[in-house]
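Colleague: Sharing a structure with you now.
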Amino acid sequence: MKLLFSLLFSLGLQSNAFAAVKLRSFDSKFLTSILNVQMQPEAPHSNDQITLFLNIDTDFSSSEEMNTILEAKLDGLSIGLLNPTTGLWIAALESATVGNHFLSVSYYLEDKAQAEVIRANLSQIEQDIAILDGQISMEEDAGNLAVLQAARAAKVSDQTSALSSLSALKTLVTTESFNFIVQ
């Protein structure tokens, strides 16, 4: 089923004193919420620590197990997201400057089984690089050092390739933008 995405803003106070912005997906039969962004405090000031709660709520189903990935940028800069539980991401923003701010959230899906294989491979490559780094730092023979450095370069190349493969697994579902004002 083809999904069309549209941004709906839910304005006004909510019982939990969060400002909420809802992202909705539409198909021919159902209206389903995908992303709910809540901000605390609702009307932040320049010295406030702002906490964003990003909640995924979708009835997406697939024969494959999928990982859900959110990436967020505030004013064009990537921000870290914690994922403490399925469907919930949290971002703590240090004192934002006074003015308008732009939050962009990208929602991706990736094949869980393939991603786990690549991540396990990446973990092994990173361990191999760390071992080679230790050996390089202790090696005094120029010939052996050159061999170790070449082996490290090959592992870094493998790492780059694996990261590229992992990135290629991600399928962008949607990217939505939200504005908020710090007073």
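Per-residue answers, yes or no, for (1) within 26 Å of Gly76 (Cα to Cα); (2) in contact with a Leu (Cβ under 9 Å, 6 or more places away or on another chain); (3) assigned by TED's automatic domain parsing to the domain that holds Asp48:
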site	(1), (2), (3)
Ala120	no, no, no
Ile131	no, no, no
Ala142	no, no, no
Leu145	no, no, no
Ala151	no, yes, no
Thr174	yes, yes, yes
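Colleague: Take the residues in the range 131-141 that are surrounded by 11 or more Cβ atoms within 10 Å (Cβ to Cβ) and hydrophobic (A, V, I, L, M, F, W, C); name whichever of them is farthest from Asp158 (Cα to Cα).
Modeller: So the residue we want is Ile136.
Colleague: Continuing with the same structure: May I ask you to verify whether Gln135 is assigned to a helix (DSSP H, G or I), modelled with pLDDT of 95 or more and farther than 29 Å from Gly76 by Cα?
Modeller: Yes; evaluated as a whole, the condition is true for this residue.
Colleague: Restricting to the range 63-81, give me the number of residues that are outside any strand (DSSP E or B), of a type in the set (D, E, K, R) and either at pLDDT 90 or above or surrounded by 15 or more Cβ atoms within 10 Å (Cβ to Cβ) (or both).
Modeller: 1
Colleague: Within the range 118-130, track down each residue that is within 29 Å of Leu172 (Cβ to Cβ) and either surrounded by fewer than 15 Cβ atoms within 10 Å (Cβ to Cβ) or touching a residue at least 40 places away in the same chain (Cβ under 8 Å) (or both).
Modeller: Ile118, Arg119, Ala120, Asn121, Leu122, Ser123, Gln124, Glu126
Matching residues to (1) in contact with a helix residue (DSSP H, G or I) (Cβ under 7 Å, 6 or more places away or on another chain); (2) in a loop (DSSP other than H, G, I, E, B); (3) touching a residue at least 24 places away in the same chain (Cβ under 8 Å):
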{"residue": "Asn83", "(1), (2), (3)": "no, no, no"}
{"residue": "Ile90", "(1), (2), (3)": "no, no, yes"}
{"residue": "Thr97", "(1), (2), (3)": "no, yes, yes"}
{"residue": "Tyr107", "(1), (2), (3)": "no, no, yes"}
{"residue": "Glu110", "(1), (2), (3)": "yes, no, yes"}
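Colleague: Now for a separate question. Go through the range 53-62 and give me each residue that's in contact with a Gly (Cβ under 7 Å, 6 or more places away or on another chain) and not in a strand (DSSP E or B).
Modeller: Asp57
Colleague: Please state which of the following conditions Asn121 fails to meet, knowing it meets all the rest: (1) of a type outside the set (Lys, Arg); (2) part of a helix (DSSP H, G or I); (3) more than 20 Å from Ile69 (Cβ to Cβ).
Modeller: All conditions pass for Asn121, except number (3).
Colleague: Looking at Leu23, Leu11, which one is surrounded by fewer than 11 Cβ atoms within 10 Å (Cβ to Cβ) and either closer than 16 Å to Glu176 by Cβ or modelled with pLDDT under 75 (or both)?
Modeller: Result: Leu11 is the single residue among Leu23, Leu11 that is surrounded by fewer than 11 Cβ atoms within 10 Å (Cβ to Cβ) and either closer than 16 Å to Glu176 by Cβ or modelled with pLDDT under 75 (or both).
The values are calculated or read from the model by the stated rules, or taken from the named source; none is laboratory data. The shown structure was predicted, so the numbers you read here are calculated from the model rather than taken from an experiment. Cβ: placed from backbone, ideal geometry, glycine included. Neighbour counts: every protein chain shown.
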